[in-house]
Amino acid sequence: MISDIQKKILQLKKEKNAVILAHSYQAKEIVEIADETGDSYALSVAATKHDCDAFIMCGVHFMAETVKMLSPQKRVFLANENAGCPMAEQMEPEMIQQLKEKEPDRTVVAYINTTAALKTVCDVCVTSATAVKICRQIENNKILFIPDCNLGSYVQKQLPDKDIKLLQGGCPVHASVTMADLEAVKKRHPDALVLVHPECRPEIAQAADYVGSTSGIMKFARESEAKEFIIGTEISITEHLQYECPDKEFYNLSKKILCPNMKLTTLMDVYKTLLNLDNGKGFEIQMDDELIKKARVCIDEMIRLGG
Ligand code: 13P
Ligand code: SF4
């Protein structure tokens, strides 16, 4: 049943012509009031199709930046200003610039979980849903893949003809899962299929029945004939799937896969952002035109190759 605060949010967003975007890692009560829900690729593309005055991103900072870059004339707010992705902050543009000077013949592929500043020195972005497809289409066989070495290693396995250089970055949440965690949950649920995000360690991806993005995992589970699944990504996905498919059983690969940043956003944050849309108190993404122009190049390239 819809709560009072959810009703107020739905009313306010109508009055203010705002669109709420929620990453699938958000809690159920946030997903319920969102206009668009999905993985990072789906959200960035969906945002371009709305004719609204403002977007409110329930997710992490780089996602709001991506929406701003794709719709620079619109106002974009991050519902909780402290929600950042630690992976996005792991590498500085100067460091990548130096590597490019050492190996200028590599195409620099950036996971979308990066800051806009870092994107300015990269050639093309990818999301977990599009990484293999886009890297396959890049004519150059020599790639520098940043920052997630687990996703990069997964792409390398799918594309053995490519020479993909990796750096030691990645998602601390997904990388926390070990083979011991997998063995323990497999022992409890031996018939369950294992579905994991490619941000997990390579040995986990290797042992899984399916590796894919957030939306890929959800689609696989919905459409599969199987009845039991071990979910190797943020624990909200296990909950969303359990709610959507009550005739199936979903188990967390590990309760450690809880992204504290994704969980910062509350209904009160969304409500307050809507209330404060016009008085300067909301957390609005501010980016100068030059930064948008430079960082957008690799996002446009992602949409061109991934669409
Ligand atoms: P998706 O690209 O699957 O949405 O993942 C985003 C993310 O932050 C994963 O941790
Ligand atoms: Fe970043 Fe990992 Fe959280 Fe995704 S799950 S937002 S990659 S810290």
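Structure above, values below:
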{"quantity": "Positions within the stretch 251-303 being more than 16 Å from ligand 2 (Cβ to nearest atom), touching a residue at least 40 places away in the same chain (Cβ under 8 Å), basic (Lys, Arg) and open to solvent by 80 Å² or more (accessible area, probe 1.4 Å), in sequence order", "calculated": "294"}
{"quantity": "Residues (within 30 Å of residue 136 (Cβ to Cβ) and not acidic (Asp, Glu)) located in the stretch 283-302", "calculated": "291, 292, 293, 294, 295, 296, 297, 298, 299, 302"}
{"quantity": "Odd one out for residue 121, checked against (1) more than 28 Å from residue 233 (Cα to Cα); (2) within 16 Å of ligand 2 (Cβ to nearest atom)", "calculated": "(2)"}
{"quantity": "Helices (runs of 4 or more DSSP H) within the stretch 196-300 that include 3 or more residues charged (D, E, K, R)", "calculated": "214-223"}
{"quantity": "Residues (of a type in the set (S, T, N, Q) and away from ligand 2 (no atom under 16 Å from the Cβ)) located in the stretch 171-212", "calculated": "178, 206"}
{"quantity": "Conditions (1) open to solvent by 10 Å² or more (accessible area, probe 1.4 Å); (2) among the β-branched types (Val, Ile, Thr); (3) more than 20 Å from residue 299 (Cβ to Cβ): number failed by residue 33", "calculated": "(1)"}
{"quantity": "Positions within the stretch 75-90 being open to solvent by 10 Å² or more (accessible area, probe 1.4 Å) and either over 21 Å from residue 16 (Cα atoms) or at pLDDT below 95 (or both), in sequence order", "calculated": "82, 84, 85, 86, 89, 90"}
{"quantity": "Considering residues of the stretch 36-67 that are more than 16 Å from the chain's Cα centre (by Cα) and over 20 Å from residue 271 (Cα atoms) only, the residue most open to solvent (accessible area, probe 1.4 Å)", "calculated": "49"}
{"quantity": "Test: residue in the stretch 61-74 that is touching a residue at least 24 places away in the same chain (Cβ under 8 Å) and within 21 Å of residue 140 (Cβ to Cβ)", "calculated": "no"}
{"quantity": "Residue list for the stretch 183-195, filter: in contact (Cβ under 8 Å) with a residue 40 or more places away in the chain and in a strand (DSSP E or B)", "calculated": "194"}
{"quantity": "Residues of the stretch 79-98 classified as among the aliphatic types (A, V, I, L, M) and without any contact (Cβ under 8 Å) to a residue 60 or more places away in the chain, total", "calculated": "3"}
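Okay, residues lined up against (1) away from ligand 1 (no atom under 16 Å from the Cβ); (2) part of a loop (DSSP other than H, G, I, E, B); (3) open to solvent by 20 Å² or more (accessible area, probe 1.4 Å); (4) in contact with a Leu (Cβ under 8 Å, 6 or more places away or on another chain):
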| site | (1), (2), (3), (4) |
| --- | --- |
| 108 | yes, no, no, yes |
| 125 | no, no, no, no |
| 129 | no, yes, yes, no |
| 133 | no, no, yes, yes |
| 143 | yes, no, no, no |
| 171 | no, yes, no, no |
| 181 | yes, no, yes, yes |
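The values are calculated or read from the model by the stated rules, or taken from the named source; none is laboratory data. Predicted model, so just to flag it, every value in this text is computed and none were measured. Reconstructed Cβ throughout: ideal geometry from the backbone, glycine too, with neighbour counts over all protein chains shown. Quick note on the areas: whole protein, heavy atoms, side chains included, nothing else; ligands and nucleic acids left out. Shrake-Rupley method; radii C 1.70, N 1.55, O 1.52, S 1.80 Å.
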